[in-house]
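The values are calculated or read from the model by the stated rules, or taken from the named source; none is laboratory data. The structure presented is a predicted model; accordingly, all values stated were derived computationally and were not measured. Cβ placement follows ideal geometry from the backbone for every residue including glycine, while neighbour counts extend to all protein chains displayed.
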Amino acid sequence: MIQSTTRYFITLTALSFAVYFLTGCAAPDKTPEKADLVEANIKAYSNTWDEIMNKGNLDMFNDSNFVKDVVMHIRPSNVVGIDSMRAYYANFLTGFSDIRFTIVDIFGQGDKLVKYWNFKGTHTGVFFGIPPTGKSVDLEGTTLVRMSGGKIAEEQDFYDNLDFFTQLGLVPGQ
(Lines give C-alpha, C1' and ligand atoms only; values in the text may rest on other atoms or scores of the structure.)
Protein backbone atom coordinates (compact mmCIF):
# COMPACT_ATOMS: atom_id res chain seq x y z
CA MET A 1 0.00 0.00 0.00
CA ILE A 2 2.83 2.43 0.83
CA GLN A 3 4.57 1.74 -2.50
CA SER A 4 1.31 2.36 -4.35
CA THR A 5 0.74 5.65 -2.51
CA THR A 6 4.35 6.69 -3.12
CA ARG A 7 4.07 5.93 -6.85
CA TYR A 8 0.79 7.85 -7.00
CA PHE A 9 2.39 10.85 -5.25
CA ILE A 10 5.44 10.78 -7.53
CA THR A 11 3.27 10.50 -10.64
CA LEU A 12 1.01 13.32 -9.47
CA THR A 13 4.03 15.51 -8.65
CA ALA A 14 5.64 14.82 -12.04
CA LEU A 15 2.40 15.66 -13.85
CA SER A 16 2.01 18.84 -11.82
CA PHE A 17 5.53 19.97 -12.74
CA ALA A 18 4.93 19.11 -16.39
CA VAL A 19 1.71 21.15 -16.48
CA TYR A 20 3.40 24.03 -14.66
CA PHE A 21 6.38 24.16 -17.02
CA LEU A 22 4.33 23.67 -20.15
CA THR A 23 1.87 26.42 -19.28
CA GLY A 24 4.19 28.76 -17.37
CA CYS A 25 6.79 28.82 -20.14
CA ALA A 26 4.37 29.04 -23.02
CA ALA A 27 5.31 31.04 -26.09
CA PRO A 28 3.76 34.48 -26.57
CA ASP A 29 0.25 34.51 -28.00
CA LYS A 30 0.68 34.32 -31.77
CA THR A 31 -2.99 34.16 -32.69
CA PRO A 32 -3.75 35.70 -36.09
CA GLU A 33 -5.37 38.72 -34.43
CA LYS A 34 -2.28 39.47 -32.31
CA ALA A 35 0.09 38.87 -35.24
CA ASP A 36 -2.03 41.17 -37.43
CA LEU A 37 -1.92 43.89 -34.74
CA VAL A 38 1.87 43.68 -34.50
CA GLU A 39 2.26 43.75 -38.30
CA ALA A 40 -0.10 46.74 -38.57
CA ASN A 41 1.84 48.57 -35.84
CA ILE A 42 5.17 47.81 -37.56
CA LYS A 43 3.85 49.07 -40.89
CA ALA A 44 2.38 52.29 -39.41
CA TYR A 45 5.49 52.96 -37.34
CA SER A 46 7.97 52.26 -40.15
CA ASN A 47 6.07 54.36 -42.69
CA THR A 48 5.82 57.29 -40.28
CA TRP A 49 9.55 57.40 -39.54
CA ASP A 50 10.52 56.86 -43.19
CA GLU A 51 8.42 59.90 -44.14
CA ILE A 52 9.84 62.03 -41.32
CA MET A 53 13.53 61.16 -41.47
CA ASN A 54 14.14 60.26 -45.11
CA LYS A 55 11.64 62.60 -46.77
CA GLY A 56 11.80 65.42 -44.22
CA ASN A 57 8.03 65.42 -43.82
CA LEU A 58 7.43 67.07 -40.44
CA ASP A 59 3.69 67.13 -41.22
CA MET A 60 3.69 63.45 -40.21
CA PHE A 61 3.72 64.71 -36.62
CA ASN A 62 -0.05 64.74 -36.34
CA ASP A 63 -2.83 63.03 -34.42
CA SER A 64 -3.17 60.36 -37.12
CA ASN A 65 0.32 59.02 -36.38
CA PHE A 66 0.96 60.00 -32.74
CA VAL A 67 -1.19 60.08 -29.64
CA LYS A 68 -1.75 63.62 -28.38
CA ASP A 69 0.50 63.18 -25.34
CA VAL A 70 3.24 61.12 -27.02
CA VAL A 71 6.38 60.80 -24.89
CA MET A 72 10.00 60.61 -26.02
CA HIS A 73 12.06 59.55 -23.01
CA ILE A 74 15.30 61.50 -22.97
CA ARG A 75 17.43 63.09 -20.29
CA PRO A 76 17.32 65.49 -18.56
CA SER A 77 13.59 65.86 -19.32
CA ASN A 78 11.17 64.02 -21.58
CA VAL A 79 9.78 65.44 -24.80
CA VAL A 80 5.98 65.36 -24.44
CA GLY A 81 3.32 66.09 -27.05
CA ILE A 82 3.15 66.12 -30.83
CA ASP A 83 4.37 69.72 -31.25
CA SER A 84 7.34 69.11 -28.96
CA MET A 85 8.26 65.95 -30.88
CA ARG A 86 8.06 67.88 -34.17
CA ALA A 87 10.38 70.59 -32.79
CA TYR A 88 12.80 67.99 -31.39
CA TYR A 89 13.15 66.09 -34.67
CA ALA A 90 13.30 69.28 -36.74
CA ASN A 91 16.81 69.64 -35.25
CA PHE A 92 17.88 66.46 -37.04
CA LEU A 93 16.37 67.55 -40.35
CA THR A 94 17.89 71.04 -40.26
CA GLY A 95 21.17 69.91 -38.69
CA PHE A 96 21.97 67.13 -41.16
CA SER A 97 21.89 66.85 -44.92
CA ASP A 98 21.85 63.70 -47.06
CA ILE A 99 20.05 61.82 -44.27
CA ARG A 100 19.69 58.08 -44.70
CA PHE A 101 17.63 56.56 -41.92
CA THR A 102 17.25 52.80 -42.09
CA ILE A 103 15.24 50.47 -39.91
CA VAL A 104 17.59 47.49 -39.95
CA ASP A 105 15.24 45.25 -37.95
CA ILE A 106 11.94 45.65 -36.16
CA PHE A 107 9.78 43.22 -34.24
CA GLY A 108 7.14 43.32 -31.58
CA GLN A 109 4.67 41.75 -29.26
CA GLY A 110 1.28 43.22 -28.50
CA ASP A 111 1.54 47.02 -28.49
CA LYS A 112 5.32 47.06 -28.01
CA LEU A 113 7.95 47.25 -30.74
CA VAL A 114 11.74 47.13 -30.76
CA LYS A 115 13.56 48.86 -33.60
CA TYR A 116 17.25 48.52 -34.52
CA TRP A 117 18.18 51.48 -36.71
CA ASN A 118 20.99 53.25 -38.55
CA PHE A 119 21.27 57.02 -39.11
CA LYS A 120 23.69 58.54 -41.61
CA GLY A 121 24.08 62.17 -42.54
CA THR A 122 26.40 65.14 -42.81
CA HIS A 123 26.32 67.84 -40.14
CA THR A 124 25.75 70.90 -42.35
CA GLY A 125 23.33 72.90 -40.21
CA VAL A 126 22.77 73.92 -36.62
CA PHE A 127 21.90 70.87 -34.51
CA PHE A 128 20.50 71.63 -31.05
CA GLY A 129 22.63 74.79 -31.00
CA ILE A 130 25.80 73.04 -32.26
CA PRO A 131 27.21 74.88 -35.30
CA PRO A 132 27.86 72.76 -38.42
CA THR A 133 31.04 70.70 -38.35
CA GLY A 134 30.79 69.35 -41.91
CA LYS A 135 31.46 65.86 -40.49
CA SER A 136 29.57 62.76 -41.59
CA VAL A 137 28.04 60.47 -39.01
CA ASP A 138 27.09 56.81 -39.12
CA LEU A 139 25.16 56.04 -35.96
CA GLU A 140 23.22 52.97 -34.91
CA GLY A 141 20.88 52.39 -32.03
CA THR A 142 17.78 50.76 -30.69
CA THR A 143 14.39 52.23 -29.89
CA LEU A 144 11.77 50.82 -27.54
CA VAL A 145 8.30 51.76 -28.71
CA ARG A 146 4.77 51.59 -27.31
CA MET A 147 1.88 51.92 -29.71
CA SER A 148 -1.71 52.77 -28.78
CA GLY A 149 -4.56 52.33 -31.22
CA GLY A 150 -2.13 52.13 -34.15
CA LYS A 151 -0.43 55.38 -33.13
CA ILE A 152 3.00 56.04 -31.63
CA ALA A 153 2.56 56.66 -27.90
CA GLU A 154 6.00 56.33 -26.36
CA GLU A 155 9.62 55.94 -27.43
CA GLN A 156 13.04 55.64 -25.87
CA ASP A 157 16.23 55.63 -27.95
CA PHE A 158 19.47 53.96 -26.94
CA TYR A 159 22.67 54.85 -28.80
CA ASP A 160 26.28 55.73 -28.10
CA ASN A 161 26.38 59.51 -27.54
CA LEU A 162 30.16 59.48 -27.10
CA ASP A 163 30.58 57.85 -30.51
CA PHE A 164 28.11 60.36 -32.00
CA PHE A 165 29.97 63.40 -30.61
CA THR A 166 33.33 61.86 -31.58
CA GLN A 167 32.11 61.46 -35.16
CA LEU A 168 31.01 65.11 -35.12
CA GLY A 169 34.55 66.05 -34.01
CA LEU A 170 33.28 67.54 -30.74
CA VAL A 171 35.33 65.20 -28.52
CA PRO A 172 38.77 63.82 -29.33
CA GLY A 173 38.89 60.37 -30.89
CA GLN A 174 40.83 57.54 -29.33
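Some values worked out for this structure:
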{"quantity": "Residues being within 20 Å of residue 140 (Cα to Cα) and either touching a Ser or Thr at 6+ places or on another chain (Cβ under 7 Å) or exposed (fewer than 13 other Cβ atoms within 10 Å of the Cβ) (or both) - total across the range 79-104", "calculated": "6"}
{"quantity": "Out of 142, 133, sole residue that is in contact with a His (Cβ under 6 Å, 6 or more places away or on another chain) and of a type in the set (Ser, Thr, Tyr)", "calculated": "133"}
{"quantity": "Tally, over the range 70-102, of residues that are touching a residue at least 40 places away in the same chain (Cβ under 8 Å) and not β-branched (Val, Ile, Thr)", "calculated": "6"}
{"quantity": "Contacts under 8 angstrom Cβ, first residue in the range 103-124 being more than 22 Å from residue 165 (Cα to Cα) and free of Cβ contacts under 8 Å to residues at least 60 places away in the same chain, partner crowded, with 16+ Cβ neighbours inside 10 Å and not hydrophobic (A, V, I, L, M, F, W, C), 6 or more apart", "calculated": "105/115; 112/146; 114/108; 114/143"}
{"quantity": "Matching entry among 47, 65, 57 (being among the polar types (S, T, N, Q), surrounded by 17 or more Cβ atoms within 10 Å (Cβ to Cβ) and modelled with pLDDT of 95 or more)", "calculated": "65"}
{"quantity": "Flag for residue 107 being closer than 22 Å to residue 72 by Cα, surrounded by 14 or more Cβ atoms within 10 Å (Cβ to Cβ) and of a type outside the set (Ser, Thr, Tyr)", "calculated": "no"}
